[in-house]
Amino acid sequence: DVVLTQSPLSLPVTLGQPASISCRSGQSLVHSDGNTYLNWFQQRPGQSPRRLINQVSKRDSGVPDRFSGSGSGTDFTLKISRVEAEDVGVYYCMQGTHWPPLTFGGGTKVEIK
Amino acid sequence: DVQLVESGGGLVQPGGSLRLSCAASGITFSDHNMDWVRQAPGKGLEWVGRSRDKPNGYSTDYAASVKGRFTISRDDSKSSLYLQMDSLKTEDTAVYYCASDRGYWGQGTLVTVSS
């Protein structure tokens, strides 16, 4: 199974400041079809997960452009350019390249300082 | 608007069974690979299994932790996904979400396995 390691576990951020979350995979996530199936999800307190980014860097519909995804191979990053209060929650990366099983990272909790 | 609505959760004793349903609207259900994902209290997300779409023959895959105990099925005529859970264990206690591979998620239904 592909292990995804997220860091940091907890990320206190000042409103209006940038935030960055890392997701590292135990093996390359480049699929034989040439695509990289690495997604990012946001889970606000008390809510179900919401997909923000698919295939490394494609923003889902309705996702603010302050969220961006980047990376390749085994190293990926989710960036929030200017954190807003509504961004508080837990963020997960997930890989869909080598499955079954689909696997998730352990999560990064974003909170306001 | 796309909606995925789970139902069927509740309290069940260890060794018991439960069937979850997920009703979809606003999508062409037969075109979507559908997943069940669970989240134990205070924990992260765990993939449970997948029902592939019609072009992929509706085949299913499961996590090792539930293989042989859980069965995923779907009825495209009703735009519905199901999760039959048998031989339930206390460690199966979680909120169960259905999700489309295109990024849509339901609100979840809580399953509690306890005596």
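The values are calculated or read from the model by the stated rules, or taken from the named source; none is laboratory data. Quick caveat: nothing in here was measured; it's all calculated off a predicted structure. Please note: Cβ atoms are built from the backbone with ideal geometry, for glycine as well, and neighbour counts cover all protein chains shown.
Observations, loosely collected:
- Across region A:51-62, the qualifying residues are those that are over 21 Å from A:Leu9 (Cα atoms) and under 13 Å from the mean Cα position of the chain (by Cα), and the one among them that is surrounded by the most Cβ atoms within 10 Å (Cβ to Cβ) is A:Asn54.
- Residues that are closer than 27 Å to B:Gln107 by Cα and assigned to a strand (DSSP E or B), drawn from region A:23-52: A:Cys23, A:Leu38, A:Asn39, A:Trp40, A:Phe41, A:Gln42, A:Gln43, A:Arg50, A:Arg51, A:Leu52
For every residue, the table says whether it meets (1) small (Gly, Ala, Ser); (2) under 13 Å from B:Val12 (Cβ atoms); (3) modelled with pLDDT of 95 or more.
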{"position": "B:Val37", "(1), (2), (3)": "no, no, yes"}
{"position": "B:Ser51", "(1), (2), (3)": "yes, no, yes"}
{"position": "B:Tyr104", "(1), (2), (3)": "no, no, yes"}
{"position": "B:Leu110", "(1), (2), (3)": "no, yes, yes"}
{"position": "B:Val113", "(1), (2), (3)": "no, yes, yes"}
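- Residue match in region A:14-28 (condition: at pLDDT 95 or above, in contact with a Lys or Arg (Cβ under 9 Å, 6 or more places away or on another chain) and under 16 Å from A:Gly106 (Cβ atoms)): yes
- Scanning region B:105-115 for residues that are in a loop (DSSP other than H, G, I, E, B) and within 8 Å of chain A (Cβ to nearest Cβ) turns up B:Gly106, B:Gln107, B:Gly108.
- Residues in region A:104-113 that are surrounded by fewer than 22 Cβ atoms within 10 Å (Cβ to Cβ) and either within 10 Å of another protein chain (Cβ to nearest Cβ) or more than 13 Å from the chain's Cα centre (by Cα) (or both): 5 in all.
- A Cβ distance below 6 Å, combined with a sequence gap of six or more or placement on separate chains, defines the contacts here; from region A:28-50, residues that are over 15 Å from A:Thr103 (Cα atoms) reach residues that are surrounded by 14 or more Cβ atoms within 10 Å (Cβ to Cβ) and of a type in the set (A, V, I, L, M) in the pairs A:Gln42/A:Leu52; A:Gln43/A:Val90.
- Filtered residues of region A:74-101 (kept if over 13 Å from A:Ser25 (Cβ atoms), crowded, with 19+ Cβ neighbours inside 10 Å and either at the interface with chain B (Cβ under 10 Å from one of its Cβ atoms) or among the aliphatic types (A, V, I, L, M) (or both)): A:Leu78, A:Ile80, A:Val83, A:Val90, A:Tyr92, A:Pro101
To keep it simple, each residue is scored yes or no on (1) within 14 Å of another protein chain (Cβ to nearest Cβ); (2) within 30 Å of A:Leu9 (Cβ to Cβ); (3) surrounded by fewer than 16 Cβ atoms within 10 Å (Cβ to Cβ).
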| site | (1), (2), (3) |
| --- | --- |
| B:Ser21 | no, no, no |
| B:Ser25 | no, no, yes |
| B:Met34 | yes, no, no |
| B:Val48 | yes, yes, no |
| B:Val66 | yes, yes, no |
| B:Arg69 | no, no, yes |
| B:Asp75 | no, no, yes |
| B:Lys89 | no, yes, yes |
| B:Ala94 | yes, yes, no |
